[in-house]
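**Q** One structure, as structure tokens, below. Some questions next.
The values are calculated or read from the model by the stated rules, or taken from the named source; none is laboratory data. Source: prediction; values computed, not measured. Because the Cβ atoms are built from the backbone with ideal geometry, glycine has one as well, and the counts that use them run over all protein chains shown. What goes into the accessible areas is simple: the full protein's heavy atoms, side chains included, and nothing from ligands, DNA or RNA. Shrake-Rupley method; radii C 1.70, N 1.55, O 1.52, S 1.80 Å.
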Amino acid sequence: MYYIGVSAYYHESSVFLTDNKGTNCFLKEESFSRIKGDKNFPQRCLKFLIKKFDLKNENIKFICFYEKPFKSWWEIFYYSIKNPLQNKSFLIHHLKNFNKGSIFFYTDINKLINISRSKIIYSSHHLSHCLYGLSVIKNVSDYVYVTCDGVGEGETMSFYTIDNDYKIKKIWTNFYPNSIGLLYSTITDYLGFEINEGEFKVMSLSSFGKPIYEKEFNKIFDINNFTINMDYFEFHKSPSKSFSKKLCQVFGDPYLNISEEVNFKKYADIASSAQLILENTMKNLIQKAMDLSGKSKIVLTGGVALNCKMIHNLSKQGIFEELIVPPSPGDSGSAIGAANFAFLEKSKTKTLDFSGIFLGPKKNFINKKESKDNFFSKINLTNEFANETATKLIEGEIIASYYGSNEIGPRSLGNTSIFCDARNQETVNNLNLKFKKRAYFQPLAPILLEEDFHKYFSINKSIIRNLEWMGTLCDAKEELYNKYSSIIHVDGTCRTQIVKDENSLTYKILKNLKKSGSDILVNTSFNISKDPIVFDLYDVYVNMKRMDIKFVLMDDGLYQAKDI
């Protein structure tokens, strides 16, 4: 019997299927639609699963939606209806879109699968985040579970504890509109970046500035009481505008051309100040969670947890024993949490038994063999194609990877990546600016064997687990500056991934690379900026041609794209 979790309608729609016996399949709607962050009902994901697993009422135990639809709709509406004339534009938009959202989840599902209504169940938003966090830990009762995001079902921050019998207790909640996540997203918008996609750019930009606007931000958000001053915002009034004129009176004109030096400096200072207020807020929030729970180990989920600079800086405060952010802490990963809720609904005393960062489908499960033959030619001369790949990387080639199972989070972790030798400054710059078309202030990430990590980097042991999926930053040592300066951000940090699995192809490439004198590769996602990561061989071929990448490493060899 299959358990299916669904996250949809707001951002990053996704589906997770499992039988808790080794069959796991995580999918994002954007992989099929090719719309980055696609939030629509994931009909393409479900059609894929229906075909591959012959899904029907008889072999589905539960389908669980990741939140309670009406509560999610009502809580936002209820806040704005208190001032109906002032918030008229938002209220009209909210009412008009009533029938386009998650309230009609069962109707949307039933268009694809004729399933009993009793098999459709609903988790709650922050609980789905929390239950996803269980996938990366063992002793569940040792942790306090902290969720912090924009808003979900009217909640913006939550704490949970779970005992050894899987009895879950919510011990504290903060409510909309008091949201540090919405503040950070508003600054993202103000600086000219896209909400829900551009927050990582604000984080990168912050390292170029100084927090000279800290006092101003402290008037906007109370870091001790976790309350927000709504005079600076309009997300509760308008469906299209997040900030008010008062915010502009404090910081000046929005949407300036950041390529001009004077604007870049100013916006970097604003970003730095926003980053600081986020980190100070989260420090106080985590301290509160530990005080209320009596626990010093934290699992942090929600979209705010994607800020890996924050995780790194919090670790230096020395306030917790361990902090883990799972690979996909945002709404997308909540599909896994929803499936966990469904299984807990049946078992009552245990949750799904799985872990890992590669819960997506294997490449041969996605593609037909003839697709590979149509688009690619194998070029490796021997069965030692990992060694041949390493040789080409040493020679300065940029090589894509497409093997194993897909990653579940927003970051490529080797299986759908683009690699180059981190020693080659020119190749690294070309990959970042010309191939990927990323902003020049965004650094690229290093990947290396676990055994070599401490030679080049330092990190607080409380967050070291997050290195397996690029969940935090770490500090560069002098040895890194001597050989691999191209991957070091302006603040001396790197978003590093370590590889431990000796059976993985990524491990074998790094091992062969090491024999040739290089310990570190640059690892970036296999996509052009603003596009989803590649999913099938058609995406692989198109992206290679668009980026002029010659070679791609697959499970069975090194390939070159044909000219067709």
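**Q** Given the Cα-Cα distance of Tyr481 and Asn383 and 0.36 nm per residue of separation, how much length would full extension add, in nm?
**A** 31.7 nm
**Q** Here's a follow-up. Compute the Cα gyration tensor for the range 437-564, then decide on rounded, prolate or oblate, letting a ≥ b ≥ c be the square roots of its eigenvalues: rounded whenever a/c is under 1.5, prolate when a/b is larger than b/c in the other cases, and oblate in all that remain. List each step's numbers first, then the result.
**A** Numbers: a/c = 1.97, a/b = 1.53, b/c = 1.29.
Prolate is the answer for the range 437-564, as a/c is 1.5 or above and a/b outweighs b/c.
**Q** Under the Karplus relation 6.51 cos²θ - 1.76 cosθ + 1.60, θ = phi - 60°, what is the ordered set of whole-Hz ³J(HN,Hα) values for the range 66-75, x standing for Gly and Pro?
**A** 6, 8, 8, x, 5, 4, 4, 5, 5, 4
**Q** Using the Cα centre of the range 334-419 as origin and beta-carbon charges of +1 (Lys, Arg) and -1 (Asp, Glu), tell me which of Leu344, Tyr402, Asn387 is placed farthest towards the positive end of the dipole.
**A** Leu344
**Q** So, one more: So if I take the centroid of the Cα atoms in the range 52-102 and the same for the range 434-458, what is the distance between those two points in Å?
**A** 39
**Q** Could you look at the chain and say what percent of its accessible area is carbon and sulfur, using a 1.4 Å probe and all protein chains?
**A** Of the solvent-accessible surface of the chain, carbon and sulfur hold 47 percent.
**Q** Of Lys288/Lys436; Lys309/Lys368; Lys297/Lys392; Lys461/Lys511; Lys96/Lys215, which sit over 32 Å apart, Cα to Cα?
**A** Correct reply: Lys288/Lys436; Lys309/Lys368; Lys297/Lys392; Lys96/Lys215.
**Q** Using +1 on the beta carbon of Lys and Arg, -1 on that of Asp and Glu, and nothing else charged, what's the dipole of the chain about the Cα centre, debye to 20?
**A** 1140
**Q** In the range 463-514, if the dipole is taken from +1 on Lys/Arg beta carbons and -1 on Asp/Glu beta carbons about the Cα centre, which of Thr496, Ile509, Ala476 is farthest to the positive end?
**A** Of the listed residues, the answer is Ile509.
**Q** Using only DSSP helix segments of four residues or longer, with each worth -39500 (n - 2.57), what per-residue ellipticity at 222 nm results for the chain after dividing by its residue count and rounding to 500?
**A** Result for the chain, helices only: -10000 deg cm²/dmol.
**Q** Quick one: Karplus J couplings for the range 443-459, per residue in order, coefficients 6.51, -1.76, 1.60, θ = phi - 60°, nearest Hz, x for Gly and Pro?
**A** x, 8, 9, x, 9, 7, 5, 4, 5, 9, 4, 6, 5, 10, 9, 10, 7
**Q** So, one more: Determine the distance separating the Cα centre of the range 363-408 from the Cα centre of the range 197-248; give it in Å without decimals.
**A** 44
**Q** Ok, one more. In terms of solvent-accessible area of protein heavy atoms at a 1.4 angstrom probe, what is the ranking of Leu127, Leu285, Leu256, Leu85, highest value first?
**A** Sorted by accessible area, descending: Leu85, Leu256, Leu127, Leu285.
**Q** Let me ask you something else. Starting from the Cα of Lys82, step 7 Å along the direction of its Cβ; do the same at Lys36; then give the gap between the two resulting points in nm.
**A** So the two model labels end up 3.6 nm from each other.
**Q** Show Glu153, Glu450, Glu321 ordered by accessible area, largest first, where the area counts protein heavy atoms only and the probe is 1.4 Å. Let's see the in-between values first.
**A** On the way: Glu153 10, Glu450 85, Glu321 110 Å².
Sorted by accessible area, descending: Glu321, Glu450, Glu153.
**Q** Roughly what would the spin-label model give for Val542 and Asp19, points 7 Å off Cα along C-beta, in nm?
**A** Inter-label distance under the simple model: 3.3 nm.
**Q** How would the range 218-377 be classified by its alpha-carbon gyration tensor: rounded, prolate or oblate, with rounded meaning a/c under 1.5 and the a/b versus b/c comparison settling the rest?
**A** oblate
**Q** With point charges of +1 on the Cβ of Lys and Arg and -1 on the Cβ of Asp and Glu, referenced to the Cα centre of the range 156-266, which listed residue (Phe226, Met203, His236) lies farthest in the positive direction of the dipole?
**A** Sorting the options by dipole projection puts first Phe226.
**Q** Additional query: What nm distance separates the two modelled labels at Lys461 and Ser238, each placed 7 Å from Cα along Cα→Cβ?
**A** Spacing of the two 7 Å Cα→Cβ label points: 5.2 nm.
**Q** Figure the gain on full extension for Lys369 and Glu194 (residue separation times 0.36 nm, minus the Cα-Cα span) and round it to one decimal in nm.
**A** This chain segment gains 59.2 nm when fully extended.
**Q** From largest accessible area down, sort Trp469, Trp172; use a 1.4 Å probe on the protein chains. Before the final figure, lay out the partial values.
**A** On the way: Trp469 10, Trp172 50 Å².
Greatest to least solvent exposure: Trp172, Trp469.
**Q** Name the residues whose placed amide hydrogens come within less than 5 Å of the amide hydrogen of Gly192, ignoring near sequence neighbours (fewer than 5 apart) on the same chain.
**A** Result for Gly192 returns Tyr255.
**Q** Separate question: I want the antiparallel fraction of DSSP beta bridges within the chain, as a percent rounded to 5. Kindly include the intermediate steps, with their values, before the conclusion.
**A** Values: 48 of 71 bridges.
Antiparallel: roughly 70 percent of the beta bridges in the chain.
**Q** Excluding ligands and nucleic acids, what accessible area in Å² is computed for Arg438 using a 1.4 Å probe, to the nearest 10?
**A** Looks like 50 Å² after rounding.
**Q** Same structure again: Charges only on Cβ, +1 for Lys and Arg, -1 for Asp and Glu: so what's the dipole of the range 408-447 about the Cα centre, in debye to the nearest 20?
**A** Here the range 408-447 has a charge dipole of around 160 debye.
**Q** Suppose the chain between Lys245 and Asp353 were pulled fully straight at 0.36 nm per residue; how much longer would it get relative to their current alpha carbon spacing?
**A** Working: separation 108, 0.36 × 108 = 38.88 nm, distance 5.05 nm.
Gain in length upon complete extension: 33.8 nm.
**Q** Determine the dipole magnitude for the range 301-445: charges of +1 sit on the beta-carbon of Lys and Arg, -1 on that of Asp and Glu, nothing else is charged, the reference point is the Cα centre, and the result goes in debye to the nearest 20.
**A** Using Cβ point charges on Lys, Arg, Asp and Glu, the range 301-445 gives about 340 debye.
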